[in-house]
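*Asks:* A single structure is presented below for examination.
Just so you know, all these numbers are worked out from the coordinates, no wet-lab data involved. Predicted, not measured: the structure shown is a model, and the values here were computed from it. Here the Cβ is made from the backbone with ideal geometry for all residues, glycine too, and neighbour counts use every protein chain on show.
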Amino acid sequence: MKAWEDLVGTALLGTRRRTLDTTTQPPAVRELVADRAEPADQLLTAAAVLTTYRRAGKRPLADVKPLPVAADDERPLVPPLARERLARLLAASHPDLLLEWLGIVAGTSYRVPPETLPLLAEAARTKAALRGPLVTVAGPVGAWLGQRNPDWAFLSAPAGETADVWQYGSLAQRRRWLAARLATDPDAAREALTSSWKSEPADVRSDFLGVLAAHVRPDDEAFLEAALSDRAAAVRERAAELLGRLPGTRYGQQMAERLRPLVRRRGRVLEVSLPPGERGEGTVRLRTLVAAAPLAFWTEFGPPAEVVRMTVEGCPSGVLRDSWATAALRQHDETWAHALIGADPGGRTTPPLLGVLSPGSQAATVGHLVSRLPVESFARLVHELPRPWTKELGTALLDWIARQDDHRLVSHAAVVIARAVPRACLGHPLATTRLTMDAGPWRRALTETLNFRREMYEELA
């Protein structure tokens, strides 16, 4: 409408710079503004008339059908105290605590109040980890919202049951379908994966290997070996990682055979030659060989605790230790993990290697590291410890931090510990002992968070 555009343009510029061109207005408007002398009066009069026309001068819609109503949800709402806590979590924006709260509710027969779903959906839109438990606690009302707002589509019922979802579904739907089928019908899942493998983009191929990781089995060896020649580096690396988890693979034996002529022991010295290649390629190839070869290959040179402490010649010792750590993580070898942690307790591979250890051994090793590492180094290590933590590890870390003095890095570690220790640790004395008035801010925050989490479980018990 030219009349409306001219009206808006005049209003934006102001009547001192531009007057309303009445010739563009409808005849009825021109008659009304003709006796207005002031440009501003003309503009406001025309705006009032045209606005009323635009709002009311339309024909009513026909055949309008009301929106469908969400299905009934017979589950009771969370208790009043839990509702108040949810409001506090949403107002304070603590996604990690909100994730834990939703996980607790998802394990009960409760549902969340419908009026909180828009805020929860917005939180889950930017933090994907919230989506799984939120779908459970939101129920049919959440599905109803997800069907009407594309940004909240993850709340609607997944299309995983549709027969053609693997061919036509979104990436998220296909991932869900693949994960579900790998658990319930692994042969059908693998058949679907191999049938479409060559037509998938590189990032999708890598992503699907990540889904397969939780279900990898010995008869996947041929498929993973073929993926080793993929044109995408990310796919090749993921395939090598999964092959490393399988014992006795041809790939692992081939890597060991290529590695054998490159390694020789001379007394307390381990001589390792770089594979032939251009500058820099030898080191890369050595990393690949050591990381992929079975760790049993090194037994002919001595036990792990002795081998990792030998003097290395012919290649950077750090390359060899990092590659051993990669192999220990892939093969889940606790003996090698112990040896590597003992040889370099403050190294960057220590946190992931701790995840290889059994719960009791993990807690004992962490207790040993407390005495070997400076407080600052141990505080940094806390941030990188793999999760979820066991009760034994959580207790060991709470005992450690209870003995610490005020320190910036310790206060940062306290935040991680307070939110990562498992439920079984929430009765620790740190959470139940009354603090004195001179307690530092980080100690108060630690105790408050532990208590906050303990109360979450109690309210939803």
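*Asks:* Using only the Cα atoms of segment 258-383, each taken as one equal point scatterer with no solvent, compute I(q) by the Debye sum, divide by I(0), and report log10 of the ratio at q = 0.10, 0.13, 0.18 Å⁻¹.
*Replies:* The computed values of log10 I(q)/I(0) come out as -0.33, -0.54, -0.96.
*Asks:* Same structure, new question: For segment 183-272, what relative contact order do you get, as a whole percent, if you take Cα pairs closer than 8 Å and at least 6 residues apart?
*Replies:* Details: 54 pairs, mean separation 18.4, N = 90.
With pairs under 8 Å counted, the relative contact order is 20 percent.
*Asks:* With +1 on the Cβ of every Lys and Arg and -1 on the Cβ of every Asp and Glu, and nothing else charged, how large is the dipole of segment 80-157 about its Cα centre, in debye rounded to the nearest 20? Present the calculation step by step, with values, prior to reporting the outcome.
*Replies:* Working: 8 positive and 6 negative charges, 15 e Å.
The calculation lands at about 80 debye.
*Asks:* Roughly how tilted is helix 375-384, in degrees to the nearest 10 and between 0 and 90, from the longest Cα axis of the chain?
*Replies:* Taking the Cα atoms of the chain, the angle to 375-384 is about 60 degrees.
*Asks:* For helix 408-420, what angle does its Cα long axis make with the longest principal axis of the chain, in degrees from 0 to 90 and rounded to 10?
*Replies:* 80
*Asks:* Here's a follow-up. For segment 358-461, report the convex hull volume of the alpha-carbon atoms normalised per residue, in Å³, without decimals. All intermediate terms of the calculation are to be shown ahead of the outcome.
*Replies:* Values: hull volume 9.8 nm³, N = 104.
Cα convex hull per residue, to the nearest whole number: 94 Å³.
*Asks:* If you don't mind, another one. Let's see if you can work this out: charge +1 on each Lys and Arg Cβ, -1 on each Asp and Glu Cβ, no other charges. What is the dipole magnitude of segment 1-134 about its Cα centre, in debye to the nearest 20?
*Replies:* Values: 19 positive and 16 negative charges, 41 e Å.
In debye, rounded to 20, segment 1-134 gives about 200.
*Asks:* If you find the alpha carbon centre of segment 348-409 and of segment 88-112, how far apart are they in angstrom?
*Replies:* Result: 27 Å between the Cα centres.
*Asks:* So how strong a dipole does segment 165-246 carry about its Cα centre when Lys and Arg Cβ are +1 and Asp and Glu Cβ are -1, to the nearest 20 debye? Present the calculation step by step, with values, prior to reporting the outcome.
*Replies:* Details: 12 positive and 13 negative charges, 51 e Å.
Taking the Cα centre of segment 165-246 as origin, the dipole is about 240 debye.
*Asks:* Translational D (Stokes-Einstein, µm²/s) of segment 200-265 at 25 °C and 0.890 mPa s when Rh comes from the Kirkwood sum over C-alpha pairs? If you can, show how the numbers build up before the last one.
*Replies:* Values: Rh = 12.6 Å.
Result for D is 195 µm²/s.
*Asks:* Add +1 for every Lys or Arg and -1 for every Asp or Glu among the other residues with Cβ under 9 Å from the Cβ of residue 85, and state the total. It would help to have the intermediate numbers written out before the result.
*Replies:* On the way: positive: 83, 88; negative: 84, 455, 459.
That works out to -1.
*Asks:* If you fit an axis through the alpha-carbon atoms of helix 186-196 and take the longest principal axis of the Cα set of the chain, what angle between them do you get, 0 to 90°, nearest 10?
*Replies:* Roughly 70 degrees between the two axes.
*Asks:* Then there is this: What is the distance in Å between the Cα centres of segment 1-67 and segment 188-244?
*Replies:* Using only Cα atoms to place each centre, the spacing works out to 63 Å.
*Asks:* Another one. Among the lysines, which have Cα under 23 Å from the Cα of residue 2 when same-chain residues fewer than 8 positions away are ignored?
*Replies:* Residue 2 reaches 58.
*Asks:* Determine the principal axes of the Cα atoms in segment 2-56, then give the extent along each, sorted from largest to smallest and rounded to whole angstroms.
*Replies:* Extents along the principal axes, in whole Å: 31, 23, 16.
*Asks:* If each DSSP helix of 4+ residues adds -39,500 (n - 2.57) and the sum is divided by the residues in the chain, what number results at 222 nm, nearest 500 deg cm²/dmol?
*Replies:* On the way: 25 runs with 278 residues, N = 461.
Estimated from H runs of four or more residues: -18500 deg cm²/dmol.
*Asks:* With point charges of +1 on the Cβ of Lys and Arg and -1 on the Cβ of Asp and Glu, referenced to the Cα centre of the chain, which listed residue (147, 104, 12) lies farthest in the positive direction of the dipole?
*Replies:* 12
*Asks:* Given a cut-off of under 8 Å on Cα pairs at least six residues apart, what relative contact order in percent is computed for segment 252-343? Intermediate results must be reported in sequence, preceding the final value.
*Replies:* Details: 115 pairs, mean separation 28.3, N = 92.
For segment 252-343, the relative contact order is 31 percent.
*Asks:* Can you tell me, using C-alpha contacts under 8 Å and at least 6 residues apart, the relative contact order of the chain as a whole percent?
*Replies:* It comes to 8 percent, rounded to a whole number.
*Asks:* Right, here's the next one. If I compute semi-axes √(5λ) of the Cα gyration tensor in Å from the structure I just sent, which labelled value in (1) 58, 33, 26; (2) 31, 27, 24; (3) 35, 24, 22 lines up?
*Replies:* Identified label for the calculated read-out: (1).
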